[in-house]
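Chemist: Below you will find the structure I want to go over with you.
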Amino acid sequence: MAPGLVSRSLSKVREIVASAAGRNGEPTEKQLERIRRQLRECAESRGGEVSTRLRAGRLADTYLKLDEAGRHAFLRIIALEFGPDPKRVAKAHEAYQAAVGTPRQWDAEALLRAAMRSSRIRILTQFNAIPQGVKFLVDLRADLLRFLEHDKELKSLDRELDARLTAWFDVGFLELARVTWNSPAALLEKIVQYEAVHEIRSWKDLKNRLGSDRRCYAFFHPRMPQEPLIFVEVALLDDLADNVQKLLDENAPAADTERANTAIFYSISATQDGLRGVSFGNFLLKRVVDDLQRDFPRIKTFATLSPIPGLVRWAAKNTKEVLTAFNENDWKRLAAAGIEGPDSPRLAQVLSGDPTWAEDAALARALRDPLLRATAAYLLEAKRDKLPLDSVARFHLGNGARVERLNWLADSSEKGLGQSWGVMVNYLYDPDRIVDNVEAFVDAGSIDAAAGVKRLARR
């Protein structure tokens, strides 16, 4: 196969999409029939390996040149027209039922499994063989998930693609690598692009995050060597961090790594939307801890400085519950700061995430205690299906961490104030408690928390 046939088209996804952006409306029936013909050729797997790759390459090229409506139609064809043959499944199931308890049972079972295997799997697997084919499938699933929000008939295709990606991205296949200032420029640009927690504002900011007292680790797949799948940024300190602006201060002197006894995971970013549901973040943290313990034997404390992204959204829907965190003394201090009672419009602005209140030092002092109580209640008590409502809390608590400490105005950026009143949380990974915490969390939804946090939640 000509090496540039697919790689060139896949490496220019943005250009192709941009050039197609002007086309509107559903694809024509002629276009759909051409897509069906190409899909049938892939599903039938005719010819040798070279023919298979050529067909898959042409099909990938076709997909990338489609606009949104065309891609949606393309995926609907795969989902609805290339599933298992119902008649073949029924016949194989009838034969299996008749064979149960006889020597023919296991052959009948194999035939039933073969009948259940859809042509969708054959099509998806062929994409895996072309240059940059794994990345193509990851991006295709990102499209699929977006369409799935409004088109539930795509669910069957998503289940099969999710299963394929879960197998291909098993943690045993992934490679852990440290990202440094000397890493390839293209990779550094990806780190800037994919940072999802604390925006990297400049090359100076990035250089600071890769300094002597910092570490950045990423997982890579062998078939996507320049695409970090997930990465974590770490600060090596001598105590728990309580303020992200101080942590990211480009002008602050570097910490002495010889004295470091604490590793703070302050940013974890998953980069590929198409790998949603494929979990390897917990394995990343375990591997990073092992690496840090090898290089820095003095480090005994492993913790996070984490955002609380769902706090203000929850507060907006549960205002009465939030107000139960305010006591008589709080209301007196708030009155002195200009907020007269629970019906104050100014308080409603604060609770909804308006960041301007933080500029008033007296108001910030008056809000500190009640909002920390409300935050503790949110993290420990706000749940859905026995799991924490907050996505970051679910991740760390599900991996065995403890809610160690809440930090007031730890993120004074507009984003931090808007999503959590500037409050951040330290999750502590205590090696002696991780296994017990995971079991209690999985079995009963129990959350391990430091005594101080529990007292806050009890108001």
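Chemist: Return yes or no: is residue 209 of a type in the set (D, E, K, R) and either in contact (Cβ under 8 Å) with a residue 60 or more places away in the chain or open to solvent by 10 Å² or more (accessible area, probe 1.4 Å) (or both)? Working first, answer last.
Modeler: On the way: of a type in the set (D, E, K, R): yes; either in contact (Cβ under 8 Å) with a residue 60 or more places away in the chain or open to solvent by 10 Å² or more (accessible area, probe 1.4 Å) (or both): no.
Considered against the rule, which asks whether it is of a type in the set (D, E, K, R) and either in contact (Cβ under 8 Å) with a residue 60 or more places away in the chain or open to solvent by 10 Å² or more (accessible area, probe 1.4 Å) (or both), residue 209 comes out as no.
Chemist: Name, by its number, the condition in (1) part of a helix (DSSP H, G or I); (2) open to solvent by less than 40 Å² (accessible area, probe 1.4 Å) that does not hold for residue 183.
Modeler: If we test residue 183 against (1) part of a helix (DSSP H, G or I); (2) open to solvent by less than 40 Å² (accessible area, probe 1.4 Å), just (1) comes out false.
Chemist: Still on this structure, please answer the following. Consider segment 62-89. How many of its residues are in contact (Cβ under 8 Å) with a residue 40 or more places away in the chain, open to solvent by 40 Å² or more (accessible area, probe 1.4 Å) and closer than 19 Å to residue 156 by Cα?
Modeler: Number of matching residues: 4.
Chemist: For residue 196, state whether it is more than 30 Å from residue 121 (Cα to Cα), touching a residue at least 60 places away in the same chain (Cβ under 8 Å) and open to solvent by 40 Å² or more (accessible area, probe 1.4 Å). It would help to see each step written out before you state the result.
Modeler: Values: more than 30 Å from residue 121 (Cα to Cα): yes; touching a residue at least 60 places away in the same chain (Cβ under 8 Å): yes; open to solvent by 40 Å² or more (accessible area, probe 1.4 Å): yes.
Answer is yes for this residue.
Chemist: Quick check on residue 330: is it farther than 27 Å from residue 390 by Cα and either part of a helix (DSSP H, G or I) or open to solvent by 60 Å² or more (accessible area, probe 1.4 Å) (or both)? Walk me through it before giving the result.
Modeler: Values: farther than 27 Å from residue 390 by Cα: no; either part of a helix (DSSP H, G or I) or open to solvent by 60 Å² or more (accessible area, probe 1.4 Å) (or both): yes.
It is false that residue 330 is farther than 27 Å from residue 390 by Cα and either part of a helix (DSSP H, G or I) or open to solvent by 60 Å² or more (accessible area, probe 1.4 Å) (or both).
Chemist: Quickly run through segment 105-126 and pick out the residues that are assigned to a helix (DSSP H, G or I) and either within 30 Å of the chain's Cα centre (by Cα) or closer than 16 Å to residue 55 by Cβ (or both).
Modeler: Residues satisfying the conditions are 119, 120, 121, 122, 123, 124, 125, 126.
Chemist: Still on this model: Scan segment 141-180 residue by residue and report those that are closer than 16 Å to residue 223 by Cα and in a helix (DSSP H, G or I). Outline the logic, then answer.
Modeler: If we filter segment 141-180 for residues that are closer than 16 Å to residue 223 by Cα, which is where we start, we get 164-177.
Listed by number, the residues that qualify are 164, 165, 166, 167, 168, 171, 172, 173.
Chemist: Now for a different question. For residue 235, are the conditions met, namely being under 22 Å from the mean Cα position of the chain (by Cα), surrounded by fewer than 19 Cβ atoms within 10 Å (Cβ to Cβ) and closer than 18 Å to residue 305 by Cβ? Give the steps one after another, and end with the answer.
Modeler: Values: under 22 Å from the mean Cα position of the chain (by Cα): yes; surrounded by fewer than 19 Cβ atoms within 10 Å (Cβ to Cβ): no; closer than 18 Å to residue 305 by Cβ: yes.
No.
Chemist: So which residues in segment 355-409 are free of Cβ contacts under 8 Å to residues at least 60 places away in the same chain, farther than 24 Å from residue 265 by Cα and not hydrophobic (A, V, I, L, M, F, W, C)?
Modeler: 356, 359, 360, 365, 368, 369, 370, 384, 385, 386
Chemist: Would a scan of segment 418-430 turn up a residue that is part of a helix (DSSP H, G or I) and surrounded by fewer than 21 Cβ atoms within 10 Å (Cβ to Cβ)?
Modeler: Our first condition is that a residue be part of a helix (DSSP H, G or I); within segment 418-430, this holds for 418-420.
So of that shortlist, the ones also surrounded by fewer than 21 Cβ atoms within 10 Å (Cβ to Cβ) come out as 418-419.
So far as segment 418-430 goes, yes, one or more of its residues are part of a helix (DSSP H, G or I) and surrounded by fewer than 21 Cβ atoms within 10 Å (Cβ to Cβ).
Chemist: Can you pull out the residues in segment 136-167 that are within 20 Å of residue 281 (Cβ to Cβ) and either among the β-branched types (Val, Ile, Thr) or open to solvent by less than 40 Å² (accessible area, probe 1.4 Å) (or both)?
Modeler: Selection gives 138, 141, 142, 145, 165, 166.
Chemist: With the structure loaded, tell me whether residue 188 is assigned to a helix (DSSP H, G or I), buried (at least 17 other Cβ atoms within 10 Å of the Cβ) and modelled with pLDDT of 95 or more or whether it fails that test.
Modeler: Details: assigned to a helix (DSSP H, G or I): yes; buried (at least 17 other Cβ atoms within 10 Å of the Cβ): yes; modelled with pLDDT of 95 or more: yes.
In short, yes.
Chemist: What about residue 368, is it in a helix (DSSP H, G or I), at pLDDT 95 or above and open to solvent by 50 Å² or more (accessible area, probe 1.4 Å)? Give the steps one after another, and end with the answer.
Modeler: Values: in a helix (DSSP H, G or I): yes; at pLDDT 95 or above: yes; open to solvent by 50 Å² or more (accessible area, probe 1.4 Å): yes.
In short, yes.
Chemist: While we're here: Looking at (1) more than 28 Å from residue 245 (Cα to Cα); (2) open to solvent by less than 60 Å² (accessible area, probe 1.4 Å); (3) at pLDDT below 95; (4) of a type outside the set (D, E, K, R), which is the only condition residue 345 fails?
Modeler: (2)
Chemist: Taking residue 92, is it touching a Pro at 6+ places or on another chain (Cβ under 7 Å) and either surrounded by 19 or more Cβ atoms within 10 Å (Cβ to Cβ) or part of a loop (DSSP other than H, G, I, E, B) (or both)?
Modeler: Working: touching a Pro at 6+ places or on another chain (Cβ under 7 Å): no; either surrounded by 19 or more Cβ atoms within 10 Å (Cβ to Cβ) or part of a loop (DSSP other than H, G, I, E, B) (or both): yes.
Criteria not met by residue 92.
Chemist: Taking residue 419 as meeting all but one of (1) over 16 Å from residue 313 (Cβ atoms); (2) touching an Asp or Glu at 6+ places or on another chain (Cβ under 9 Å); (3) of a type outside the set (Asp, Glu), write down the number of the exception.
Modeler: Going through the list (1) over 16 Å from residue 313 (Cβ atoms); (2) touching an Asp or Glu at 6+ places or on another chain (Cβ under 9 Å); (3) of a type outside the set (Asp, Glu), residue 419 breaks only (1).
The values are calculated or read from the model by the stated rules, or taken from the named source; none is laboratory data. Predicted model, so just to flag it, every value in this text is computed and none were measured. When we count neighbours, we look across all protein chains shown, and the Cβ atoms used for this are built from the backbone with ideal geometry, even at glycine. Side chains are part of the model used for accessible areas, which takes the heavy atoms of the whole protein and leaves out ligands, DNA and RNA. Shrake-Rupley method; radii C 1.70, N 1.55, O 1.52, S 1.80 Å.
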